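The values are calculated or read from the model by the stated rules, or taken from the named source; none is laboratory data. As the structure is a computational prediction, the values presented were derived from the model and not from experiment. Cβ sites come from the backbone with ideal geometry, for glycine too, and all protein chains shown count toward neighbours. To get the accessible areas, we keep the full protein, side chains included, count just its heavy atoms, and leave off ligands, DNA and RNA. Shrake-Rupley method; radii C 1.70, N 1.55, O 1.52, S 1.80 Å.
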Amino acid sequence: MNIAVIGAGYVGLVAGACFADMGNNVICVDNNEEKLLKLEKGLIPIYEPGLEELVKANVNENRLSFSSNLDYAVKKSDVCFIAVGTPQGEDGSADLQYVLTVAKQIALSMDGYKVIVDKSTVPVGTAEKVAEIIKENSKYDFDVVSNPEFLKQGNAVDDFLSPDRVVIGSNSDKATVIMQEIYAPFLRTGNRVIVMDVKSAEMTKYAANSFLATKISFMNEIANLCEKVGADADMVRVGISTDSRIGNKFLFPGLGYGGSCFPKDVKALIKTGSDNGVDMSIISAVDKTNKSQRKLFIEKITKKYGNDLSNKTFALWGLSFKPQTDDMREAPSVTIISELLKMGAKIQAYDPKAMEIAKAIFKDKITYAKNSYEALVGADALLLLTEWREFRRPDMEKIKNLLKTPVIFDGRNQYNPIRMEQMGFEYICIGK
Ligand code: NAD
């Protein structure tokens, strides 16, 4: 199959490389020249485990290429995936300008029947808008399909190659067959393609992300109460998660969710609710709890040191919004660093993969350590914000020796509080 993927970001690049790996001819289109230059030189602009090898292998086999020429890519392809960003608009809704611009560009480039696939996360009704634009700008036959993406950054390649399920929202049998053909090689182990109407597919993505965000905020709320009443949130987590109806995923108390998806998707669902006269009170509370989780962490710091932090230096471990990615969009670290800087604190930061992105955001306002231990030198406390594997079992004696005072604020509950106390640390974590 000949496939165009428009938008070579975290989703588009992974999808394009994986489609190519299954033997399809794929052109990834992007309008960011800097990104394209890197890709053409064999450099991968983002960090995603396994992606570099996959891209290189498929470029070498001439199944995967990169271009800024959308017209050429559309003409060469039977199926066009739209995978551009849908950031949060000013009123909380998903900003569809990139999706709708691409839809028009596709329409103007069509030279025959095409399946146009909304892979970006878009609110209910977007496929109809895309179809209208294409009808207005092209005389050729087409179908618009919704195919929301469920990959997780940090595990994106594996998730795409072996998805739990593939959702296809299609009102056309012809397009459904083509989509099933594209995804069949990914589902050989029996995982399902779920075919449904377009609107239900669009809603499925928002419902999935909002449900996951709800689990996180729910557990954080329980953790905050545990702290006040003397219970241990991690014991409670284990206690409830052994119930198979609850499950053990997404129940770790911490700093709340971040990244380019959950925060904006939760807000977009609230907006869809209000546009349709439905009060999304649960989801609204999820958003509120998530915001306050970062504030509560800062309050733990100011409770100890006061609001003037001008003579305090903090070592900070973890900048990306979660481990195994360099993405800092909506990361707790961004909010927490900004607040601490406002109070005069100095920050010495380290992250295994997000240092370059952090430098672009914070420039010389903070200092950047070469490794986790260098960040600790002379600091008043360590703040652990992202649970990268290398932070799980560090040399505690070394940490104690390098810090000015042995204090750890752990936003991810990585260590055992009793053990930490025995070792002479003041250890402040979440929900205990
Ligand atoms: P991204 O910002 O990493 O990538 C989007 C890409 O689109 C960028 O490279 C940008 O240059 C390009 N682009 C924008 N306008 C263009 C145009 N007119 N022509 C060509 N290229 C254009 O975004 P992402 O994280 O890959 O997310 C894309 C979509 O997928 C969003 O709707 C997001 O909500 C959804 N999604 C993301 C994830 C995730 O984990 N990142 C998971 C599932 C779904």
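Adding -39500 (n - 2.57) for every DSSP H run of four residues or longer, then dividing by how many residues the chain holds, sets the calculated 222 nm ellipticity at -14000 deg cm²/dmol.
The P(r) of region 283-401 has a tail past 19 Å containing 45 percent of all C-alpha pairs. The HN-Hα couplings worked out from phi for region 363-368 by the Karplus form 6.51 cos²θ - 1.76 cosθ + 1.60 (θ = phi - 60°) are 6, 8, 6, 10, 10, 10 Hz, whole numbers, x standing for Gly and Pro. For the chain, the convex hull drawn through the C-alpha positions has a volume of 153 cubic angstrom per residue. When Rg and the Kirkwood Rh are both derived from Cα coordinates, the Rg/Rh ratio for region 1-134 amounts to 0.97.
Charging the Cβ of each Asp and Glu at -1 and of each Lys and Arg at +1, and nothing else, the dipole of the chain about its Cα centre rounds to 1060 debye.
Each other residue within a Cβ distance under 10 Å of residue 368 adds +1 if Lys or Arg and -1 if Asp or Glu, for a net charge of -2. Farthest toward the positive end of the dipole of region 336-432, out of 416, 338, 427, is the Cα of 338, where the dipole comes from beta carbon charges about the Cα centre.
Rounded to the nearest 10 square angstrom, residue 274 shows an accessible area of 80 square angstrom against a 1.4 Å probe. Where the accessible area of region 1-143 is counted over protein heavy atoms with a 1.4 Å probe, how much of it, in %, is carbon and sulfur? Accessible surface attributable to carbon and sulfur in region 1-143 totals 45 percent. As a fraction of the 1.4 Å probe accessible area of region 351-414, surface on carbon and sulfur atoms comes out at 49 percent. Other residues whose C-beta falls under 15 angstrom from the C-beta of residue 171 contribute a net charge of -4, scoring Lys and Arg +1 and Asp and Glu -1.
A simple charge model with +1 on the Cβ of Lys and Arg, -1 on the Cβ of Asp and Glu and nothing else charged puts the dipole of region 108-236 at about 160 debye relative to its Cα centre. Taking amide H as placed 1.01 Å from N in the peptide plane, residue 167 has its amide H under 5 Å from the amide H of 194, each at least 5 places away in sequence or on another chain.
Sequentially through region 247-253, phi angles give Karplus couplings (6.51, -1.76, 1.60; θ = phi - 60°) of x, 10, 9, 6, 10, 8, x Hz, Gly and Pro residues having no value and appearing as x. Which entries in the list 228/304; 35/271; 41/104 go over 22 Å, if you measure between the two C-alpha atoms of each? With Cα atoms farther than 22 Å apart: 35/271; 41/104. Overall shape of region 11-88 was characterised from the C-alpha gyration tensor. The equivalent ellipsoid obtained from it has semi-axes of 17, 16, 13 Å, in decreasing order. Entry comment: accessible area of region 262-428 is 47 Å² per residue, from protein heavy atoms only and a probe of 1.4 Å.
Shape analysis of region 136-216 places it in the oblate category; the axes a ≥ b ≥ c from the Cα gyration tensor give an a/c of at least 1.5, with a/b not above b/c. With an a/c value of 1.5 or above and a/b larger than b/c for the gyration tensor axes a ≥ b ≥ c computed over the alpha-carbon atoms, region 177-269 is described as prolate.
In this entry, region 76-168 is assigned a mean projected area of 6.8 nm², taken as a quarter of its C-alpha convex hull surface. The residues of region 2-196 expose, per residue, 44 Å² of accessible area to a 1.4 Å probe. Cα centroids of region 114-186 and region 4-31: 13 Å apart.
Remark: region 417-422, residue by residue, has Karplus-estimated 3J(HN,Hα) of x, 5, 4, 5, 5, 4 Hz, where x stands for each Gly or Pro and the curve is 6.51 cos²θ - 1.76 cosθ + 1.60 at θ = phi - 60°. The magnitude of the dipole of region 138-210, with charges of +1 and -1 set on the Cβ of Lys/Arg and Asp/Glu and taken from the Cα centre, is near 80 debye. The H on the amide N of residue 64, modeled in the peptide plane, is under 5 Å from the matching H of 26, 59, each at least 5 residues off or on a different chain. Ordering 54, 180, 130 by the projection of their Cα atoms onto the charge dipole of region 2-196, which places +1 on the Cβ of Lys and Arg and -1 on the Cβ of Asp and Glu, puts 180 at the extreme positive end.
Considering only 301, 189, 84, the residue lying farthest towards the positive end of the dipole of the chain is 301, judged by Cα position with unit charges set on Cβ.
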